[in-house]
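FYI, it's all coordinate maths here, none of it is from the lab. This one's a predicted model, so the numbers in the text were calculated from it and none came from an experiment. With ideal geometry, Cβ positions are generated from the backbone for all residues, glycine too; neighbour counts draw on all protein chains shown.
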Amino acid sequence: MKTLAGPAELSEEIKRSRFIAHAARVDSLDDTLAFFEQVRDNSASHNCWAFRIGQTYRFSDDGEPASTAGKPILAAIDGQGMDHSMVVVTRHFGGIKLGVGGLVRAYGGITSRCLQQAKCINELPKINMRLDVPFGSVGVVHQLLRDRPIEKLTEDYLDHCVRFKLSVQEDALDEFRQSIGDLTSGKAVMRKLLDTA
């Protein structure tokens, strides 16, 4: 997965309108709302945006003619092969109308250029898993988690077991599943969660 290593920003003037692109990594819908609130400019004519998180995507033209801002921003995100990424493009209107084609080129172009100059990283996809473990095997699980590219999201003590919610790097899943099965004599139960981003 190619995503942003950190926030990026690019400002350009196009026919006297000032366009400012802000890009950042986002991993949840809450992240997208927080980022938008952080960078939007209430004094601007428009704050248009798009994001992609896996198969989930959204975009907004924020008052620009339909499909002239949000869709080109999303197309630029996808065109750069980005995931878990959001771009907000703020426009301060300069008095010259750009027309439909001009808006599409302006919003899509500044997004592409912003992402091209941003520092990016490649991460392997992660899968969210639920792991139910007998009480006597909790120490074994803690040891396995220390030695592998796995993030423990939650650990809950239930009546019959300890339930972990884990984010497992995709290429480590089969080996981890095998290790858990061997070390718990097959008593641990692991299931994929549907809320994987």
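Structure values in brief
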item: Cα-centre dipole for the range 2-122 with unit charges at Cβ (Lys and Arg positive, Asp and Glu negative), debye to 20; result: 440 debye
item: Gyration tensor over alpha-carbon atoms, the range 98-148, equivalent ellipsoid semi-axes in Å; result: 50, 14, 6
item: Over 21 Å between alpha carbons, listed pairs LYS97/LYS119; LYS2/LYS119; LYS15/LYS119; result: LYS97/LYS119; LYS15/LYS119
item: Built amide H within the under 5 Å cut-off of LYS2, gap 5+; result: ASP83, GLU123
item: Fewest-first ranking of ILE14, ILE73, ILE121, using other Cβ atoms within 10 Å as the exposure measure; result: ILE121, ILE14, ILE73
item: Dipole of the range 38-145, positive direction: furthest Cα of ALA106, ALA44, THR56, with charges on the beta-carbon; result: ALA106
item: Lysines whose Cα lies under 19 Å from that of LYS187, excluding same-chain neighbours fewer than 8 positions away; result: LYS165
item: DSSP-defined beta bridges in the range 2-122 - what % are antiparallel, rounded to 5; result: 95 percent
